[in-house]
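Reading through the structure tokens given below for one structure.
The values are calculated or read from the model by the stated rules, or taken from the named source; none is laboratory data. Quantities reported herein were computed from a predicted structural model and do not represent experimental measurements. No Cβ is skipped: glycine too gets one built from the backbone with ideal geometry, and neighbour counts run over all protein chains shown.
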Amino acid sequence: MNLLNLVLGPAADAYKAYQARKAQANQLDQALHVKKLDAMAAADTAEIALSIAQVNSAGWKDEWFTFVFSIPLIAAFIPKAVPYIAAGFAVLDTMPVWYKVYLGSAVAAAFGLHTVNKAWQWWHS
């Protein structure tokens, strides 16, 4: 029996050490997974808080832009107004890029950048 322990003892010890390292690696993987889930939850919470803050601070700007953007939509159903709408959009198309960027920034600020981002992604998908 002593001879058997002498021969198999180191192999058993090596196997036990391997099992311990494997268990430790699994614990580290599990801890890393939990940490990633916590980070994702914190990011979601921050995004929700930002959206709520944007909605609460929007004031009249989003209603005003909604009204302004609705005018061409409604007027498109009035045949006499259609040439004026087309001419207006043709003129807007000639505006400088900086003006379009500022206008887009104002709209993004009024509706919330997150909402505008989602609309942009939807439009380009």
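Listed residues Ala76, Ala108, Ala86; which is out of contact with any Cys (no Cβ under 6 Å at 6 or more places or on another chain), within 30 Å of Ala49 (Cα to Cα), among the hydrophobic types (A, V, I, L, M, F, W, C) and outside the structural domain of Leu50 (by TED's automatic domain parsing)? After applying the criteria, what remains is Ala108. Looking only at residues in the stretch 82-99 that are surrounded by 10 or more Cβ atoms within 10 Å (Cβ to Cβ) and more than 19 Å from Thr66 (Cβ to Cβ), the one that is modelled with the lowest pLDDT is Tyr99.
Among the residues of the stretch 33-51, some residue qualifies, meaning at least one is modelled with pLDDT under 85 and either assigned by TED's automatic domain parsing to the domain that holds Tyr102 or touching a His at 6+ places or on another chain (Cβ under 6 Å) (or both).
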